[in-house]
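A.B. asks: Pasting a structure here, questions to come.
Just so it is clear, none of the values below were taken in a lab; they were calculated from the coordinates. Because the structure is a prediction, the values reported are computed rather than measured. So basically every Cβ, Gly included, is an ideal-geometry build from the backbone, and we count neighbours across all protein chains shown.
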Amino acid sequence: MNTQSTFFAMTATVLTFGMVSLLSSVASADSFDVGHDYLSSGVAGTDWDGINNAGNASIIDASTTNAGQLTITTNSAATTGWDGNLQTGPMLYQQVTGDFIATVVVSSGTAANYNVGSLLARDPSAGTVADEHFFSANYNFFGTAGVQRRYVNAGSTTKFDSTTIPASASIMLRLTRVDDDFTAAYSTDGGTIWADMAPTTTMGSMPDTIELGLAAANYGTNSYAVVFDDFTVGGVPEPSALGLLLAGAGLIVARRR
């Protein structure tokens, strides 16, 4: 193999390992294109691990009520919510360990007080409100609709209302975890530009393995729907992977000049 061939082989190896590392950071994705009724059939055979508060939902289904989307509808039997006083909202979740980046599209929902759709991470061991620890990125479908970051430590809640967005807008929510630091963000252009809802929050009380999922809340005895699409979750890419990829690309450009 001559020097030029060796150079390109080494460059290809750098690019390959960099790309594989980046691509492998996407651990799970669900576009909800396959019909499934989670209330009647459970989570077996799906990418999901469980449902919290299934009895407080009248609908949790994929590509049934709304084609190619996930619909979660709260029922009127109980007040549902996720805050310092409630942990009763229906939630479809996966168990996720370690650092992650998760995104979801909030497509639509009932425009009424106090309908909320959430991308939520919580401590699975919290059996009571006093023990609850969670961090969420929310979209509120009521009043001056907008996005909100909320976190709860041992029943003490803090929220931060951010930019107002029309209730008809389809937006993306994102949660990022790095060690004990959690950040909530949103996008109104399909994920090209992201804006943080509030400063990064350190939650040392969160265990390494958490429940991460999609939740709905009505904060009253009302039947409200939230419609989600295109959920993804993966590990946070290592800086070294991106560095390898960019370095390889730079070597190719330099060699071709």
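A.B. asks: Run the paramagnetic zone check for Lys159: 7 angstrom along Cα to Cβ, then residues of region 176-201 with backbone nitrogen under 15 Å.
C.D. replies: 198
A.B. asks: For region 27-236, compute Rg over Rh where Rg is the Cα radius of gyration and Rh is the Kirkwood radius from the inverse mean 1/r over Cα pairs.
C.D. replies: Values: Rg = 15.2 Å, Rh = 16.6 Å.
Looking at region 27-236, the ratio lands at 0.92.
A.B. asks: Shifting gears a bit: Between Ala27 and Asp189, what is 0.36 nm times their sequence separation minus the Cα-Cα distance? Round to one decimal in nm.
C.D. replies: On the way: separation 162, 0.36 × 162 = 58.32 nm, distance 2.34 nm.
The span from Ala27 to Asp189 would gain 56.0 nm if fully extended.
A.B. asks: In addition: Within 10 Å, Cβ to Cβ, of Thr183, how many net charges do the neighbouring residues add up to if Lys/Arg are +1 and Asp/Glu are -1?
C.D. replies: Working: positive: Arg149, Arg174, Arg177; negative: Asp181, Asp196.
Its environment carries a net charge of +1.
A.B. asks: Let me ask you something else. How many nm is it between the label spots at Ser58 and Val129, if each spot is 7 Å from the Cα in line with the beta carbon?
C.D. replies: With each label point 7 Å from Cα toward Cβ, the separation is 2.5 nm.
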